[in-house]
1. Answer with yes or no whether Thr294 is in contact with a Gly (Cβ under 6 Å, 6 or more places away or on another chain), at pLDDT 95 or above, under 30 Å from Phe216 (Cα atoms) and among the polar types (S, T, N, Q).
2. Please find, within the stretch 223-239, the residue that is farthest from Phe153 (Cα to Cα) out of those that are surrounded by fewer than 24 Cβ atoms within 10 Å (Cβ to Cβ) and touching a residue at least 60 places away in the same chain (Cβ under 8 Å).
3. Checking Ile151 against (1) touching a residue at least 40 places away in the same chain (Cβ under 8 Å); (2) surrounded by fewer than 23 Cβ atoms within 10 Å (Cβ to Cβ), which test does it fail?
4. Which residue, of Val679, Val648, Val675, Val639, is outside the structural domain of Ala298 (by TED's automatic domain parsing) and under 16 Å from Thr300 (Cα atoms)?
5. Do the conditions hold for Ala359, that is, is it within 23 Å of Met104 (Cβ to Cβ) and of a type in the set (A, V, I, L, M, F, W, C)?
6. Kindly indicate the residue of the stretch 243-254 that is buried (at least 24 other Cβ atoms within 10 Å of the Cβ) and in a helix (DSSP H, G or I) and also nearest to the chain's Cα centre (by Cα) among those meeting that condition.
7. Output the number of residues of the stretch 431-480 satisfying the condition of being hydrophobic (A, V, I, L, M, F, W, C) and either within 15 Å of Ala299 (Cβ to Cβ) or free of Cβ contacts under 8 Å to residues at least 24 places away in the same chain (or both).
Amino acid sequence: MAYVIVFGPLLAAIIAGVFQKQIGDRVAQSITTGLVVLSALLSIVMFFDVALGGNERTIELARWMAVGAFEFSWAIKLDTLSSVMLVVITSVSALVHIYSWGYMAEDPHRARFFSYLSLFTFAMLSLVTADNLLQMFFGWEGVGLASYLLIGFWYKKPSANNAAIKAFVTNRVGDFGLALGVMAIFTIFGTIRFDEIFAAIPAHQDTILTFFGMNFNALELIAFLLFIGAMGKSAQFFLHVWLPDAMEGPTPVSALIHAATMVTAGVFLVCRMHPVFELAPNTSAFITFIGAFTALFAATVGLAQNDIKRVIAYSTCSQLGYMFFAAGLGLYSASMFHLFTHAFFKALLFLGAGSVIHALHHEQDMRNMGGIFRMVPVTWVMMLIGTLALTGVGIPMLGLGFAGFYSKDMIIEEAFMMGQEGLPFGMMAFWIGVIAAGLTSFYSWRLVFFTFHGKYRGDKHTLDHAHETPILLFPLLVLAVGAVFAGAVFKDHFVGKHAFDFWGDSLPAGPYAEGNYPEYKAAYETAQGVGAQSQGESHDGAGDTHGEVAQAEASHGDDHGAVTDTHGGVHGDEHSAEAHEGDHHGHHPPVWVLWMPFGATLFGFVLAIYFYVIKEGLPARIAEKSGPLHAFLSNKWYVDEIYDFLFVRSVRGLGDLLWKVGDQRIIDGFGPNGVAATVLASARRLARLQSGYLYHYAFVMLIGVLGLTLWFVAGTGAH
């Protein structure tokens, strides 16, 4: 079953890509879609077997490489973390394949497109099922290749080609950091297999690694280099610039990249390597800062974008920021929970936007839309559901809401708790999370009101022919179910009372994981005792990278403990164990913290109504004035312009200098071209002597004889 899940999409990609002329577009589409759908169904079965059944295992397929001590096999690692990713990747990919039947129906290169989609899916599957870093790097680079092919699929558009190159080059910067990190791991640990690395981590907490003549703590340096790779793939600030431009590809590509594949790879990497990051507090603090800043930055830029897909793209960038600052604070299971729910509602929003674009004959500018909800009623309802899930609408005290309510609010609340514990940037992440939630609500509802309500602002002929395509709606309906129920159904397993059993050894359950009170109290008291004994000591212990406190809690059936933070310290919840007599929960933020995201979301919604419903023409008038703030946001903080000045122009100038001066003038001028020009000029002069007249040759011979005679006479006279 695992073989079909991973290699089925690869087989489909090969058949559709290599034999498309022989089998035709329809057969190629059927094969790729069928095998990916089969992979998705088997992934669900695998999820129940591995994550819920506890049947974790690693399947070794074949030896891949053996060079001295550098020896490992290609394997399929099946644990809870990988099984969650299998469901996310294959389910969204399957729906994107089905959606593409309608969206790409008129494209003459459909077989090639479906081949690329399946190749993308395989690369991501090989990444998340890797049991070693080199196999993960293979999938990592495969995802980069497939993204290049898909973003630039419409290669006759210069903007698509430029976007594909931009994505590829930007990710190479991050991938260079990842490659260095993998090399550093092999240098320190002598292996690149995850299980062997994690078992050896405690012995290398104080190892020093020299890099560029400077000494670094080995684990800090490794964690930092790995995160550089994650920054590129998951579009964190500094390396985010490729993500909005990726919208130049077909809309199904946008959904696949943003919801299930490429951008989630960085989050998965950090979570997979969490034992390293747990013992790298400085890098974890850096991750928290970058994630929080990215969440705020992308949310502000989303306020002023007019391309419907770019608004959702910046939303993805912002939500990835939430996932990273959660991981930086040690809330790995909360980060994965948000990744899981985000896949459903973000794919829903992208495919819903694609339905709008398809209905309006490829119009993407929201300024040319408006009032179309009657023409696309199902799409309108689906976009409403996606928006409610993205903005995290729910009632905190009742615990009822859409998918984003459970996962995003969990991250915001726990950021507050981590800040209370003194983790660097914890409180900053909390407040930025709240502010970003308000901004997310505003630009999300702006998209809905601007697109579906008010007066139509585009071409009337386009509006008259606007209609929904039935095949595009089925994936939306399926994703809508996930956007509504994924959070409520899986909360207890990802971050609740079943989290310890659910995650097993693959991920820390988190300090918010709930258990019954007797177990909580026993773990708390044991942790207090062990904490007192080991205060000031480093993490230790027989392959357990979570410290002595986690070991004490594990003795009570909990792998990571509800009352310790992920760095091994006692989690000093403001609610003491005694305060929870008779209560079944052991980790609660204050009530006002629970209501903060709700208040921010409500404020953004009301503000959007005011600007785009009550004062419908006001935003257009503000945009016309183009004040400094609007220009700053609409130009994306001028990051592209800064990069163009610092990097693109300087590199182009250096290239021109080396080419025009170094190569053409110096090397070619004094080298091949100079020698060739001299020889050519000399040959032309000599050629003039070959006149063909006998008296010319006789005259030359006479001069030669005279010269020899003079030389002989002069030589004789010298003696």
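The values are calculated or read from the model by the stated rules, or taken from the named source; none is laboratory data. Please read all numbers here as calculations on a predicted model, not as lab measurements. Positions of Cβ are generated from backbone atoms using ideal geometry, with glycine treated the same way; all protein chains shown enter the neighbour counts.
1. Working: in contact with a Gly (Cβ under 6 Å, 6 or more places away or on another chain): yes; at pLDDT 95 or above: yes; under 30 Å from Phe216 (Cα atoms): yes; among the polar types (S, T, N, Q): yes.
Here the answer is yes, as Thr294 does meet what is asked.
2. That would be Phe224.
3. Going through the list (1) touching a residue at least 40 places away in the same chain (Cβ under 8 Å); (2) surrounded by fewer than 23 Cβ atoms within 10 Å (Cβ to Cβ), Ile151 breaks only (2).
4. Just a single option satisfies the conditions, and that option is Val639.
5. Yes; evaluated as a whole, the condition is true for this residue.
6. Leu243
7. The total comes to 10.
This table checks each residue for (1) buried (at least 24 other Cβ atoms within 10 Å of the Cβ); (2) farther than 22 Å from Gly142 by Cα.
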| residue | (1), (2) |
| --- | --- |
| Gln20 | no, no |
| Ile23 | no, yes |
| Ser30 | no, yes |
| Val84 | yes, no |
